[in-house]
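S.K.: Below is the structure I would like to discuss, written out as structure tokens.
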Amino acid sequence: MAKVLVAPSILAADLSRLAEEIHRVEVAGANWIHCDIMDGHFVDNISFGPDVVRLVRKETNLPLDVHLMIEHADHYVPRFVKAGANSVTVHVEPKAKHDVLKTLQRIRNAGCRAGLTLNPETAFETVESLFGKFDILLVMTVHPGFGGQPFRADQMEKVRRAAEWNKRSQDKIDIEVDGGIIPQTARISVENGANVLVAGTSIFQSKDYAKALRELRGE
Ligand code: DX5
Ligand code: ZN
């Protein structure tokens, strides 16, 4: 089985001590830092923008995994690349108001890994024709916008179908799950074929980040 990577979502961190939080998860064994960008339009919440990503970049050498829950992602991609993103993930839904294929190409051309994601109610078929054009499939296991929601096990079919694609194809993608990830749902996700776990609440609300990460990896 592929190594399981954990990407703490700083949405759940104490933003008044952001640098310290990043150092703590890095020491605890985080593999990537997940940055949730929300614009109040594509999702009903507003988080932070490229300036905060730039601050995160200064604090760590870990890959920065930027998840854009915004309209017109194509317009903003260059700013997040410049801020230090290593991967940029965009939504496939029409509500995101961009040319998805062009945006994915734009991300790759900028030297970043391209991620594609879909909401729980969006069918897997929506991303199927784009396989080969992105490096990470992010399967939302909650409706995006807020941390702390319960995991939706019905999304595991998408994870399995992506894992089947990986078996058939020479290019392997990362299969990432996001939302409601706790040790039990981490295990379910990995059993179905996920290899990257995004977790906010279950890490940052715990007292011992290293223990939280070990438990998510099933160690
Ligand atoms: C949801 C975000 C997630 C979220 C995960 O809109 O994309 O990354 O912060 O948070 P938890 O782990 O609290 O469900
Ligand atoms: Zn996210």
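The values are calculated or read from the model by the stated rules, or taken from the named source; none is laboratory data. Keep in mind that what you see is a predicted model, and the values were worked out from it rather than measured. In this analysis, Cβ positions are derived from the backbone assuming ideal geometry, glycine residues included, and neighbour counts consider all displayed protein chains.
S.K.: Can you tell me which residue among 86, 61, 45 is closer than 15 Å to residue 104 by Cα and at pLDDT 95 or above?
M.R.: One residue alone meets the criteria, 86.
S.K.: If the Cβ limit is 7 Å and pairs must be 6+ apart or interchain, which residue in region 151-164 that is within 14 Å of residue 131 (Cα to Cα) and of a type in the set (Val, Ile, Thr) pairs with which residue that is modelled with pLDDT of 95 or more and away from ligand 1 (no atom under 16 Å from the Cβ)?
M.R.: Here the result reads 159/192; 159/193, each pair linking region 151-164 to a residue that is modelled with pLDDT of 95 or more and away from ligand 1 (no atom under 16 Å from the Cβ).
S.K.: Name, by its number, the condition in (1) more than 10 Å from ligand 1 (Cβ to nearest atom); (2) assigned to a helix (DSSP H, G or I) that does not hold for residue 11.
M.R.: The failed condition is (1).
S.K.: Let me ask something else. Within region 11-26, how many residues are under 12 Å from residue 53 (Cα atoms) and in contact (Cβ under 8 Å) with a residue 60 or more places away in the chain?
M.R.: Looking only at that region, the number is 1.
S.K.: For residue 165, all conditions in the list (1) part of a loop (DSSP other than H, G, I, E, B); (2) touching a Phe, Trp or Tyr at 6+ places or on another chain (Cβ under 7 Å) hold save one; what is the number of the exception?
M.R.: So residue 165 meets the others, but not (1).
S.K.: Go through (1) closer than 16 Å to residue 93 by Cα; (2) under 17 Å from the mean Cα position of the chain (by Cα) for residue 126 and report which single condition fails.
M.R.: Of the numbered conditions (1) closer than 16 Å to residue 93 by Cα; (2) under 17 Å from the mean Cα position of the chain (by Cα), the odd one out for residue 126 is (2).
S.K.: State whether the residues of region 168-187 include one that is closer than 20 Å to residue 33 by Cα, in contact with a Lys or Arg (Cβ under 7 Å, 6 or more places away or on another chain) and away from ligand 2 (no atom under 14 Å from the Cβ).
M.R.: Among the residues of region 168-187, not one is closer than 20 Å to residue 33 by Cα, in contact with a Lys or Arg (Cβ under 7 Å, 6 or more places away or on another chain) and away from ligand 2 (no atom under 14 Å from the Cβ), which makes the answer no.
S.K.: Would you mind finding the one in 188, 173, 107 that is aliphatic (A, V, I, L, M) and within 16 Å of ligand 1 (Cβ to nearest atom)?
M.R.: The unique qualifying residue is 188.
S.K.: Restricting attention to region 191-219, and to residues there that are touching a strand residue (DSSP E or B) at 6+ places or on another chain (Cβ under 8 Å) and assigned to a loop (DSSP other than H, G, I, E, B), which single residue is nearest to ligand 1 (Cβ to nearest atom)?
M.R.: This residue is 200.
S.K.: Would you tally the residues in region 114-144 being part of a loop (DSSP other than H, G, I, E, B), surrounded by 21 or more Cβ atoms within 10 Å (Cβ to Cβ) and away from ligand 1 (no atom under 14 Å from the Cβ)?
M.R.: The qualifying residues number 1.
S.K.: Hey, another quick one. What pairs come out if I take residues in region 37-49 that are free of Cβ contacts under 8 Å to residues at least 40 places away in the same chain and pair them with residues that are exposed (fewer than 15 other Cβ atoms within 10 Å of the Cβ) and not in a strand (DSSP E or B) whose C-beta lies under 7 Å away, six or more apart or interchain?
M.R.: Listed pairs, sorted by first residue: 46/40.
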